[in-house]
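The values are calculated or read from the model by the stated rules, or taken from the named source; none is laboratory data. Bear in mind that the values here come from a model prediction, so they are computed numbers and not experimental data. Glycine gets a Cβ as well: all are built from the backbone with ideal geometry, and neighbour counts include every protein chain shown.
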Amino acid sequence: MDSHATAIEPADVHESHEHPAYLRHHFETPEQQKEASAFGMWLFLLTEIMFFGGLFAAYLIYRNWYYPAFVAGSNTLKISLGTVNTGVLIGSSFTMAMGVWCAEMRKKSGLVLCLLLTMALGLVFLGVKYFEYKEKFELHHVPGADFSIEKFIHPDDPAKNPPLGPDMAAKTQVYFSLYFAMTGMHALHMIIGISILVFLVVRARQGAYINGYVQPIEYFGLYWHFVDIVWIFLFPLLYLINRHPGR
Amino acid sequence: MTYLLIFGALLVGTALTVGAAFVDLGHFNPVVAILIACIKAVLVILFFMHVFYSSRLMKLTVAAGFFTFLVLITMTLSDYLSRAWGLW
Amino acid sequence: MSTIVRLPDQKVATLPKRTFLNSEYGLKSWLLTGDHKRIAILYLISITFFFFIGGAFAALIRLELLTPQPDLMASDTYNKMFTMHGIIMVFLFLVPSVPATIGNFVIPIMVGARDLAFPKINLLSWYLYIFAGCFTLSALVLGGVDSGWTFTTPLSTHYLNTHVVTAGLGVFIAGFSSIFTGLNFIVTIHRMRAPGMTWFRLPLFCWSHYAASILMVLGTPVLAISLVLVILERTIGIGVFDPAKGGDPILFQHLFWFYSHPAVYIMILPGMGVISEVISTFSRKRVFGYTAVAFSSVAIALFGFFVWAHHMLIMGISNYSALVFSLLTMLVAVPSAIKIFNWAATLYKGSITFETPMLYAFGFMGLFTIGGMTGVFLGSLGMDIQLTETYFIVAHFHFVMVGGMLMAFLAGVHFWWPKMTGRMYPEGLSKLAALVTFIGFILTFFPQFIVGYLGMPRRYHAYPPEFQVLNVLSTAGATVLGIGYLLPMLYLTWSLKYGAIAGENPWQATGLEWQIQSPPLTENFTVTPIVDYEAYDYEWLANKTKHEVTTVG
């Protein structure tokens with residue numbers, strides 16, 4: 001473990017006020033503040049990993065128990081939309097990384113552009129999600145009183161989607177519960193992320209992050225990349241269960 | 001620069017995942033899908049999140065997080081997999 | 001009886017002119033503070049408040065159990081009693097007790113920093129705690145919850161029409177309070193140590209809190225997701241725990257106990273940290289095997305993640321799984337035992353004095369050992385089938401949590417009270433309170449081991465008449481215990497105005513917090529300390545204080 005002591009200057013350097021304005025006074029140096037803040041952000045992301053971990057555990061168990069139902073449920077999702085969303089989110093991660101770089105290179109317009117692009121791509125993602133949810137609602141795939149297993153017992157194209165017995169067809173509700181829980185939780189995190197982005201864009205345009213204090217951009221970037229990683233795992237697990245023909 | 005390369009790699013990975021879904025690999029389909037997803041995640045973590053350039057402590061922290069996640073998954077699954085309710 | 005207490009001359013001593021308590025005035029300066037010490041005081045007050053509410057429920061439980069018939073309250077009401085007792089005591093008292101009050105106050109000073117790494121998040125932590133408390137109290141006021149503090153499905157999701165969602169939300173928010181506290185501690189201990197303060201010069205209090213913080217950060221989110229799923233199941237019926245829809249109720253328990261087992265270590269590890277400090281100070285000896293104690297704290301944290309299903313051994317997990325978890329449970333007892341051995345070895349050939357914190361520490365060592373050993377009994381599969389869901393379990397966890405953790409909390413409060421307030425509490429009264437607590441505790445909970453072994457189930461408000469004698473003993477003990485807990489409330493409050501002035505280091509203890517004034521300045525240190533001595537270095541302390549004149553004021 002790193003054990004190097006991190007406070008080197010005695011307290012009287014503070015009197016000469018040589019430190020940058022953003023240095024909080026309980027830290028000795030800006031470097032200490034930066035390292036501490038990065039560490040804190042990563043610890044928060046660890047909690048997010050464990051939070052989604054519970055959902056992944058639930059998913060893995062029920063997928064093993066009700067595999068045919070999961071296949072049938074997964075096949076009702078459009079791969080095209082899912083792939084587009086994955087591309088969009090990866091793109092937004094790229095623009096976010098570029099945003100951090102712009103902040104470090106002190107390019108204000110570049111930073112604002114990257115943040116706006118990230119936000120735009122995030123909104124595109126949410127828009128596509130909205131259409132997917134709407135379709136699910138119309139097809140009676142939302143768990144609850146309105147859920148319909150008709151199309152799973154008597155599918156339109158039996159060659160591509162083999163019919164399920166009523167028992168297993170009822171289990172598609174578990175699949176969709178997990179689908180909505182996991183993508184819903186993910187979407188909630190994206191909405192929170194976009195809200196913070198609005199705030200960051202406003203501050204960036206005022207020139208807040210191009211004078212050496214790139215921490216907020218960097219740490220928000222970490223959060224945004226994490227949300228992307230969650231989707232990177234959600235996409236194959238939810239959309240790509242047994243899609244190959246002739247199964 | 002590096003970001004562009006990683007971005008490209010991630011898109012290639014996505015295409016591979018989708019493509020592999022349409023090929024019958026039997027029990028290996030989900031394995032391949034998760035494997036590609038893991039590689040993509042590692043790329044994002046190392047390069048977009050700068051962990052590659054960070055201190056040993058950061059790397060240890062990230063590893064600890066995923067370790068605990070794996071403990072949750074495997075030990076819970078070990079209960080379900082070893083039940084004699086035979087739904088495999 | 002000899003004592004190591006050395007107070008300044010009371011005729012001329014006064015509190016220091018400038019302290020964190022008088023640096024700013026007004027309610028706003030307290031409610032919007034970033035000072036870790038003020039936040040610790042805020043926590044202390046709120047935690048004490050919730051402790052007494054939880055205690056009131058305990059009193060009602062014991063009152064009902066005086067007689068074998070269900071004569072005091074209806075069965076549903078009794079369920080609400082033990083549920084609220086559990087939720088409040090676990091989530092609103094035990095989890096934040098030592099970390100949020102003593103830890104918040106003392107850890108930055110112990111590592112030589114001016115504050116925690118993220119003071120605003122520290123304050124947010126307290127507000128989340130208050131918010132959680134409000135949710136829980138509103139669940140209480142609106143009619144209560146009767147799911148048990150464990151929210152076991154499918155009872156909590158399908159068969160109850162009480163305020164499970166409100167209580168669940170309260171616990172969810174309390175979880176985040178805990179996460180942020182843990183996050184703060186980890187970053188502070190890693191990144192804000194003073195020059196020369198290496199990992200192995202840290203007081204063992206910091207090591208314990210470090211280990212507990214890792215558990216808080218990694219374990220609590222799983223509790224959060226399990227509660228979210230329960231809430232979703234109750235509100236929109238997603239079916240993830242509903243057998244009729246294909247779900248598995250045991251999955252909830254896996255997720256819940258994945259946190260709640262590490263949670264018991266979150267609760268006890270900080271207490272163990274306190275005991276390390278107290279035993280060392282009052283035997284004037286460095287803790288035996290510092291490295292072993294430090295690493296065993298981390299080992300407890302690590303192994304604590306692998307054993308959660310021993311709370312579910314009879315619930316329907318597979319036999320093989322039960323075997324594995326039972327085996328691992330045997331393993332997790334080892335680091336705890338190492339600590340007890342090391343503390344005992346610290347006492348050996350030490351110059352022991354019997355001040356109040358030390359009395360509580362002795363109580364801890366005995367009672368935690370009994371509680372811990374009974375935990376190992378419960379961990380073995382065959383015994384668990386007989387003993388689980390009986391009063392044996394209730395006795396086990398009360399021994400470790402109340403006999404262990406609560407005693408450690410009281411030891412810590414008494415130990416650091418002079419530092420936090422600048423005043424000493426009345427020693428005679430505090431010793432009496434410690435004794436009363438110890439006797440009351442044994443009287444309350446030891447009969448519960450017996451009655452549980454004989455087969456009395458837990459969470460029942462009626463029982464066969466042959467168990468009545470032991471239950472009456474238990475209730476009598478509870479009354480004594482209650483007195484034992486009320487006394488500190490009274491004399492500690494009294495000491496705020498009338499206690500003797502403590503001075504910098506009344507206990508002659510080592511550690512950075514005893515080198516600064518009592519109460520400390522807002523910025524803790526006037527000069528960044530440079531540490532060039534080991535932890536618990538009493539020779540260094542003797543050298544330093546040999547020609548020292550204590551001036552206070």
Review point. So which of A:THR95, A:THR83 is of a type outside the set (D, E, K, R), out of contact with any strand residue (DSSP E or B) (no Cβ under 9 Å at 6 or more places or on another chain) and within 7 Å of another protein chain (Cβ to nearest Cβ)?
Key: A:THR83
Exercise for review: Would you check if there is a residue in the range C:186-201 being over 26 Å from B:MET58 (Cβ atoms) and assigned to a helix (DSSP H, G or I)?
Suggested key: no
Check your understanding: Under the condition of being more than 7 Å from every other protein chain (Cβ to nearest Cβ) and in contact with a Phe, Trp or Tyr (Cβ under 6 Å, 6 or more places away or on another chain), which residue from the range C:231-248 is surrounded by the fewest Cβ atoms within 10 Å (Cβ to Cβ)?
Key -> C:GLU233
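Yes or no, residue by residue, for (1) touching a residue at least 60 places away in the same chain (Cβ under 8 Å); (2) in contact with a Pro (Cβ under 9 Å, 6 or more places away or on another chain):
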residue	(1), (2)
C:SER156	yes, no
C:PHE172	no, no
C:SER177	yes, yes
C:GLY219	yes, yes
C:LEU232	no, no
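How many residues, within the range C:530-543, are in contact (Cβ under 8 Å) with a residue 60 or more places away in the chain and within 19 Å of C:GLY289 (Cα to Cα)? So that I can check it myself, show each step before the final result.
We begin by selecting, within the range C:530-543, every residue in contact (Cβ under 8 Å) with a residue 60 or more places away in the chain; these are C:530-538.
Restricting the remaining residues to those that are within 19 Å of C:GLY289 (Cα to Cα) gives C:533-538.
Selection size over the range C:530-543: 6.
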Review point. What are the residues in the range C:193-205 that are buried (at least 24 other Cβ atoms within 10 Å of the Cβ) and at the interface with chain A (Cβ under 7 Å from one of its Cβ atoms), if any?
Key: C:ARG193, C:MET197
Revision key, fill the gap. Log entry, pairs with first residue in the range C:511-529 being within 13 Å of another protein chain (Cβ to nearest Cβ) and under 9 Å from C:ILE109 (Cα atoms), second being charged (D, E, K, R) and surrounded by 18 or more Cβ atoms within 10 Å (Cβ to Cβ), beta carbons closer than 9 Å, six or more apart or on different chains, reads C:ASN524/C:LYS37; C:ASN524/C:ARG114; C:ASN524/C:ASP115; C:ASN524/C:GLU513; C:PHE525/C:ARG114
Check your understanding: When C:SER125 is evaluated against the numbered criteria (1) modelled with pLDDT under 95; (2) over 20 Å from C:SER75 (Cβ atoms), which criterion, by number, is the only one it fails?
Key -> (1)
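So which of C:ILE370, C:ILE385, C:ILE393, C:ILE340 is among the β-branched types (Val, Ile, Thr), surrounded by fewer than 17 Cβ atoms within 10 Å (Cβ to Cβ) and assigned to a helix (DSSP H, G or I)?
On the way: C:ILE370 fails: surrounded by fewer than 17 Cβ atoms within 10 Å (Cβ to Cβ); C:ILE393 fails: surrounded by fewer than 17 Cβ atoms within 10 Å (Cβ to Cβ); C:ILE340 fails: surrounded by fewer than 17 Cβ atoms within 10 Å (Cβ to Cβ).
None of the other options fit; the residue is C:ILE385.
Does A:ILE196 satisfy being surrounded by fewer than 18 Cβ atoms within 10 Å (Cβ to Cβ), outside any loop (DSSP other than H, G, I, E, B) and either at pLDDT 90 or above or at positive phi (or both)? First the steps, then the outcome.
Details: surrounded by fewer than 18 Cβ atoms within 10 Å (Cβ to Cβ): yes; outside any loop (DSSP other than H, G, I, E, B): yes; either at pLDDT 90 or above or at positive phi (or both): yes.
It is true that A:ILE196 is surrounded by fewer than 18 Cβ atoms within 10 Å (Cβ to Cβ), outside any loop (DSSP other than H, G, I, E, B) and either at pLDDT 90 or above or at positive phi (or both).
Count, please, the residues in the range C:113-142 that happen to be surrounded by 23 or more Cβ atoms within 10 Å (Cβ to Cβ) and either within 19 Å of A:GLY40 (Cα to Cα) or under 20 Å from the mean Cα position of the chain (by Cα) (or both).
Number satisfying all stated conditions: 11.
Find the helices (runs of 4 or more DSSP H) located wholly in chain B whose residues include 3 or more that are of a type in the set (Gly, Ala, Ser) and within 7 Å of chain A (Cβ to nearest Cβ), and list them.
Values: elements: B:2-21, B:28-43, B:56-81.
Correct list: B:28-43.
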Review point. Within the set of pairs 6+ apart or on separate chains, which have a first residue in the range A:131-159 that is hydroxyl-bearing (Ser, Thr, Tyr), a second that is surrounded by 11 or more Cβ atoms within 10 Å (Cβ to Cβ), and C-beta atoms under 9 Å apart?
Key: A:TYR133/A:VAL142; A:TYR133/A:PHE180; A:TYR133/A:THR183; A:TYR133/A:GLY184; A:TYR133/A:ALA187; A:SER148/A:LEU139; A:SER148/A:HIS140; A:SER148/A:HIS141
Revision key, fill the gap. Scanning the range C:20-37 residue by residue, those closer than 11 Å to C:PRO119 by Cα and either part of a helix (DSSP H, G or I) or under 25 Å from the mean Cα position of the chain (by Cα) (or both) turn out to be C:THR33, C:GLY34, C:ASP35, C:HIS36, C:LYS37
**Study point:** Answer from C:VAL171, C:VAL217, C:VAL165 - the residue that is part of a helix (DSSP H, G or I) and within 12 Å of chain A (Cβ to nearest Cβ)
**Key:** C:VAL217
